[in-house]
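To start, the structure under review is shown below, and the notes come after it.
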Amino acid sequence: MPVAVITGGSKGLGRALALTLAERGWSLVLTARGAGALAEAGQAAEERGAVVRTVAGDVTDAGHRGEAVAAARALGGVDLLVNNASALGASPLAGLAGLGTAGLREALETNVVAAHGLLRETLPLLRSAPAGAVVSVSSDAAVEAYPTWGGYGASKAALDHWSAVLGVEEPGLRVWAVDPGDLRTELYRTAVPDDPDEAARPEPESVVPAFLRLLDERPASGRYTASALLEAAPAAAGR
């Protein structure tokens, strides 16, 4: 069975992707800070046939990352690394003038530095996998200048570029940065607590087919949007 490591796997997009991969026969290592929600997500994945290991903790902690990689190694390796765990840096969001350096540092540590640390530990396993892949969950805030999203957007822009360089340096892997679009998630609700359009936002499950398309078709490493991947036309190479 292929093995996926998914950070932020207890809720939202991470959980939705985990459950779908479980139905496809993947083994899973799920990580998240909330032990209760993580255990529930793990049980739901097991009910769909997956072998699951849950590792509760903060992805910015090197010891936690080591535990997750050890769990994956015990399952046979790592075929897919999904960098999904994210931090806003401030909640509700604030303009750059009001964003403290600690908040910016939190966003960068969770969204970029932790992804790098996890990649360094999983890279030998990914290289030896038959079809190793890395997915970094991005955001339109990485490429659009939205007021109050500067810290979070900067961290996601850095993650995009990190992913692009990794794709060039590791031609044997597929490395995709994916903008899933605005979804009805706890992260977005925390960022914009009084959003009048919340009910209209799609559920995370609606974009999972975009990620599956990447895994099935294995297009070139690059940046993709879920909306483009969900269109009928063949996926185009990312920007």
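The values are calculated or read from the model by the stated rules, or taken from the named source; none is laboratory data. Computed from a predicted model, the values in this text were never measured in an experiment. Every residue, glycine as well, gets a Cβ built from its backbone with ideal geometry; the counts of neighbours run over all protein chains shown. Please note that ligands, DNA and RNA were not included when accessible areas were found on the heavy atoms of the full protein model with its side chains. Shrake-Rupley method; radii C 1.70, N 1.55, O 1.52, S 1.80 Å.
Some notes on this structure:
- Length-normalised contact order for segment 117-232 - Cα pairs under 8 Å, 6+ apart - percent: 26
- Note on exposure: K11, K156 ranked by accessible area (1.4 Å probe, complete protein assembly) read K11, K156, with the most exposed listed first.
- In Å², nearest 10: area of Y146 left accessible to a 1.4 Å probe: 90
- Across the chain, the mean sequence separation of Cα contacts (distance under 8 Å, 6 or more residues apart), normalised by length, yields a relative contact order of 17 percent.
- Length added when fully stretched, V113-R73, from 0.36 nm per residue minus Cα-Cα: 12.2 nm
- A62 paired with E46, simple spin-label distance in nm, labels 7 Å along Cα-to-beta-carbon: 3.2
- CD proxy at 222 nm, helix term only [per DSSP H run n ≥ 4: -39500 (n - 2.57); per residue of the chain; nearest 500]: -13000 deg cm²/dmol
- For A41, the shell of other residues with beta-carbons less than 9 Å away shows a net charge of +1, using +1 for Lys and Arg and -1 for Asp and Glu.
- The charge dipole of the chain, taken about the Cα centre with unit charges on the Cβ atoms of Lys, Arg (+1) and Asp, Glu (-1), comes to about 580 debye, rounded to the nearest 20.
- Only one of (i) 12.2; (ii) 13.2; (iii) 14.5 was calculated from the structure for mean projected area of the Cα convex hull in nm², and its label is (i).
- Length-normalised contact order for segment 1-128 - Cα pairs under 8 Å, 6+ apart - percent: 27
- In plain terms, the chain from A39 to V168 could stretch by 42.8 nm, reckoned as 0.36 nm per residue minus the Cα-Cα distance.
- Spin-label pair L96-T190: with each label point 7 Å from Cα along the Cα-Cβ axis, the two points sit 2.4 nm from one another.
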